[in-house]
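S.K.: This is the structure I have questions about; it appears just below.
The values are calculated or read from the model by the stated rules, or taken from the named source; none is laboratory data. What you see is a predicted model, and the numbers here were worked out from it, not measured in a lab. Neighbour counts are summed over all protein chains in view; Cβ atoms, including those assigned to glycine, are modelled from backbone coordinates with ideal geometry. Areas reflect the complete protein model, heavy atoms only, side chains present, ligands, DNA and RNA absent. Shrake-Rupley method; radii C 1.70, N 1.55, O 1.52, S 1.80 Å.
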Amino acid sequence: MVIYEDKDFLNPVCLSLVVRVDSINKAYGDIASFANKYKLKGVTNGKLYCVAFMTSPSDMLDAIENEYLLSCNFKFGIDYIYFNTEPYYGVRFEINEDAYKELPYTKGLNWIKSVLLPNGNYVWFTDCNIPLREQEIEVNTIAHFCRFHEDINNINPVLIRENERSMFFKVSYSEHIYMVSRDLIERE
């Protein structure tokens, strides 16, 4: 069963498998055929397909990878990834050092990005033709504005202008223009 969510950002949970929908379409024709054939239940936004597993490690995930993905010449990091989601709060309710940053499981990949927020991990599909540095700036911008507004789907930051020290953004949840230090957005 495939559940469609009309959102750019998906919220994976537990141990998650995320597959590019365009890769599924090339190999299987459509995502519904893929999900029905392998009896998978997941969520898609038309660009990514997420399947969650409640245990880690998961024998079912191993079987899916070995029998279905690799047999169709899918490549880890190119067509799919899997990962354990990161908690925002750790031991003694300390905030995870990866909070408001791109998570390690998508760093260096040019088709998927992620961010850790108080209300979970988020992933989204990104254009492979956009340079990685620009994709990192997008993650940092979204993460910055998520500190003040939790609904990641209603931020949509747009760069209005910039100078040597600052960047000026318009976001969809406010009429104001926000000045942000270039160092916050361009951090590594």
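S.K.: Does Val91 meet the test of being over 22 Å from Ser23 (Cβ atoms), touching a helix residue (DSSP H, G or I) at 6+ places or on another chain (Cβ under 9 Å) and β-branched (Val, Ile, Thr)? So that I can check it myself, show each step before the final result.
M.R.: On the way: over 22 Å from Ser23 (Cβ atoms): yes; touching a helix residue (DSSP H, G or I) at 6+ places or on another chain (Cβ under 9 Å): no; β-branched (Val, Ile, Thr): yes.
For Val91, the condition - over 22 Å from Ser23 (Cβ atoms), touching a helix residue (DSSP H, G or I) at 6+ places or on another chain (Cβ under 9 Å) and β-branched (Val, Ile, Thr) - is not met.
S.K.: What is the residue count in region 64-106 for residues that are part of a loop (DSSP other than H, G, I, E, B), closer than 20 Å to Ile31 by Cα and out of contact with any strand residue (DSSP E or B) (no Cβ under 6 Å at 6 or more places or on another chain)? Working first, answer last.
M.R.: Of region 64-106, the ones part of a loop (DSSP other than H, G, I, E, B) are 73-75, 77-79, 85-88, 90, 94, 96-98, 100-106.
Right, trim to closer than 20 Å to Ile31 by Cα and you get 73-75, 77-79.
Filter once more, keeping what is out of contact with any strand residue (DSSP E or B) (no Cβ under 6 Å at 6 or more places or on another chain): 73, 75, 77-78.
Count: 4.
S.K.: Tally time: how many residues in region 57-73 are under 11 Å from Leu17 (Cβ atoms) and either polar (S, T, N, Q) or touching a residue at least 12 places away in the same chain (Cβ under 8 Å) (or both)?
M.R.: 6
S.K.: Moving on to the next point. Against the conditions (1) touching a residue at least 24 places away in the same chain (Cβ under 8 Å); (2) open to solvent by 10 Å² or more (accessible area, probe 1.4 Å); (3) over 18 Å from Val19 (Cβ atoms), where does Gly46 fall short? Just the number, please.
M.R.: So the condition that Gly46 fails would be (3).
S.K.: Separate question: Determine, yes or no, whether Phe34 is crowded, with 20+ Cβ neighbours inside 10 Å, over 20 Å from Asp127 (Cα atoms) and either under 13 Å from the mean Cα position of the chain (by Cα) or modelled with pLDDT under 95 (or both).
M.R.: Values: crowded, with 20+ Cβ neighbours inside 10 Å: yes; over 20 Å from Asp127 (Cα atoms): yes; either under 13 Å from the mean Cα position of the chain (by Cα) or modelled with pLDDT under 95 (or both): yes.
When the stated conditions are applied, Phe34 passes them.
S.K.: Oh, and also: I need the full set of residues from region 2-31 which are β-branched (Val, Ile, Thr), farther than 22 Å from Val139 by Cβ and open to solvent by 10 Å² or more (accessible area, probe 1.4 Å), in order please.
M.R.: Of everything in region 2-31, those that are β-branched (Val, Ile, Thr), farther than 22 Å from Val139 by Cβ and open to solvent by 10 Å² or more (accessible area, probe 1.4 Å) turn out to be Val2, Ile3, Ile31.
S.K.: Got a number for residues in region 107-121 being assigned to a strand (DSSP E or B), surrounded by fewer than 23 Cβ atoms within 10 Å (Cβ to Cβ) and touching a Cys at 6+ places or on another chain (Cβ under 9 Å)?
M.R.: Here the count works out to 1.
S.K.: Would you mind telling me which numbered condition in (1) outside any strand (DSSP E or B); (2) of a type outside the set (S, T, N, Q); (3) within 22 Å of Ala143 (Cβ to Cβ); (4) touching a Leu at 6+ places or on another chain (Cβ under 7 Å) Leu61 fails?
M.R.: Tallying (1) outside any strand (DSSP E or B); (2) of a type outside the set (S, T, N, Q); (3) within 22 Å of Ala143 (Cβ to Cβ); (4) touching a Leu at 6+ places or on another chain (Cβ under 7 Å), Leu61 fails exactly one: (3).
S.K.: Please enumerate the residues belonging to region 49-81 that are modelled with pLDDT of 90 or more, open to solvent by 80 Å² or more (accessible area, probe 1.4 Å) and over 18 Å from Lys37 (Cα atoms).
M.R.: Lys75, Phe76, Ile78
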